[in-house]
1. May I ask you to order 57-65, 7-15 by the average number of other C-beta atoms within 10 Å around their residues, highest value first?
2. Considering only 10, 36, 64, whose Cα is most displaced toward the positive end of the charge dipole of segment 2-72, charges sitting on Cβ of Lys, Arg (+1) and Asp, Glu (-1)?
3. Taking the highest mean first, how do the peptides 38-44, 24-30 order by number of other beta carbon atoms within 10 angstrom per residue?
4. So between residue 50 and residue 22, what do we pick up on full extension, going 0.36 nm a residue minus the alpha carbon distance?
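Read-outs throughout are calculated quantities, based only on the coordinates presented, and are distinct from any laboratory measurement. As the structure is a computational prediction, the values presented were derived from the model and not from experiment. Here the Cβ positions follow ideal geometry from the backbone for every residue, glycine too, while neighbour counts run over all protein chains shown.
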Amino acid sequence: MRFFFDNDLSFRIAHALNQLAANDGDEVAALRDRFPQSASDTDWIGSLSSDREDSWVVITGDRGIGKNPVRSEPGERRD
């Protein structure tokens, strides 16, 4: 499995968990590992959701992420 920590959680925790998860073939990445730290939620969520070869489990501390439909349903396009 692949786990993705956004900026609301420490990249250090993600890196430590990645060391443990690697033994089982899993991956844990922090937002700063794949995107600029200033990337908006819609940018990184859109990018991760469009990656059809790899699925990510997103772990966030952002309690408001589910209140914005664009951020909470990344697989659904909104115009």
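1. 7-15, 57-65
2. My answer, from the dipole projection, is 64.
3. Going by the mean number of other Cβ atoms within 10 Å, highest first, we get 24-30, 38-44.
4. Computed gain between residue 50 and residue 22 is 7.7 nm.
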